[in-house]
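Read the structure below first, then the notes.
The values are calculated or read from the model by the stated rules, or taken from the named source; none is laboratory data. These figures come from a predicted structure and were not determined experimentally. No Cβ is skipped: glycine too gets one built from the backbone with ideal geometry, and neighbour counts run over all protein chains shown. Heads up: the accessible areas ignore ligands, DNA and RNA and are worked out on the full protein's heavy atoms, side chains in. Shrake-Rupley method; radii C 1.70, N 1.55, O 1.52, S 1.80 Å.
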Amino acid sequence: DVRYRNAWIKDLDLKISRTEGHHGNPITVLEGETKDARAISGFFERLSEDDLNTILRTIDARTDEGCNMFLRVDKQAALDGTVRLTDGDDAVSIRIRVGAFPSRCEVAKDLVRTFVTEELVRRCDRSA
């Protein structure tokens, strides 16, 4: 295991492990955890308005019963420090555990909707 200081979320150390995919392809797994609201906001601030709207439109498909939200970020863009959603195969898969109380899927979805909508409103306020 290796520790890696990432560029996406400030002050988040990532644990790196390596494994092998079903077809023998190498897979690198990066794991990190933060409860710092500013760090999480910083990650979402790096997404485009189109990507934030995509999250709002697809939140049902992105959220499971365990209150996890799943995103796929373009791997090549990520290497350049850009956070951009993708449906392609060359992606970094991200699981975000939404701290919902009570711990129910619908509560988690509502929290994400509110969070993303507030980010979009902040952007509109800054550009006005």
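The table below gives the values:
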| read-out | value |
| --- | --- |
| Residue check for C105: open to solvent by less than 40 Å² (accessible area, probe 1.4 Å), over 25 Å from N25 (Cα atoms) and modelled with pLDDT of 85 or more | yes |
| Test result for A77, modelled with pLDDT under 90, closer than 28 Å to T28 by Cβ and among the small types (G, A, S) | yes |
| Residue list for segment 83-98, filter: out of contact with any helix residue (DSSP H, G or I) (no Cβ under 9 Å at 6 or more places or on another chain) and of a type in the set (S, T, N, Q) | S93 |
| Lone unmet requirement of (1) farther than 22 Å from C105 by Cα; (2) assigned to a helix (DSSP H, G or I); (3) β-branched (V, I, T) for T28 | (2) |
| Residue selected from segment 28-39 under the condition in contact with a Leu (Cβ under 9 Å, 6 or more places away or on another chain) and more than 18 Å from S93 (Cα to Cα), by the criterion most open to solvent (accessible area, probe 1.4 Å) | D36 |
| Matching residues in segment 72-81 - criterion: being surrounded by fewer than 16 Cβ atoms within 10 Å (Cβ to Cβ) and among the hydrophobic types (A, V, I, L, M, F, W, C) | L79 |
| Candidate set: segment 1-27, residues that are out of contact with any strand residue (DSSP E or B) (no Cβ under 7 Å at 6 or more places or on another chain) and surrounded by 11 or more Cβ atoms within 10 Å (Cβ to Cβ); chosen: the one modelled with the lowest pLDDT | A7 |
| Selected residue (only one of T86, T82, T34, T58 is under 27 Å from R126 (Cα atoms) and touching an Asp or Glu at 6+ places or on another chain (Cβ under 7 Å)) | T86 |
| Among (1) within 18 Å of S41 (Cβ to Cβ); (2) part of a helix (DSSP H, G or I); (3) touching a Phe, Trp or Tyr at 6+ places or on another chain (Cβ under 8 Å), the one test that V107 misses | (1) |
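Per-residue answers, yes or no, for (1) in a strand (DSSP E or B); (2) surrounded by fewer than 17 Cβ atoms within 10 Å (Cβ to Cβ); (3) among the small types (G, A, S):
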| position | (1), (2), (3) |
| --- | --- |
| S41 | no, yes, yes |
| L52 | no, no, no |
| T58 | no, yes, no |
| A61 | no, yes, yes |
| F70 | yes, yes, no |
| V83 | no, no, no |
| D89 | no, yes, no |
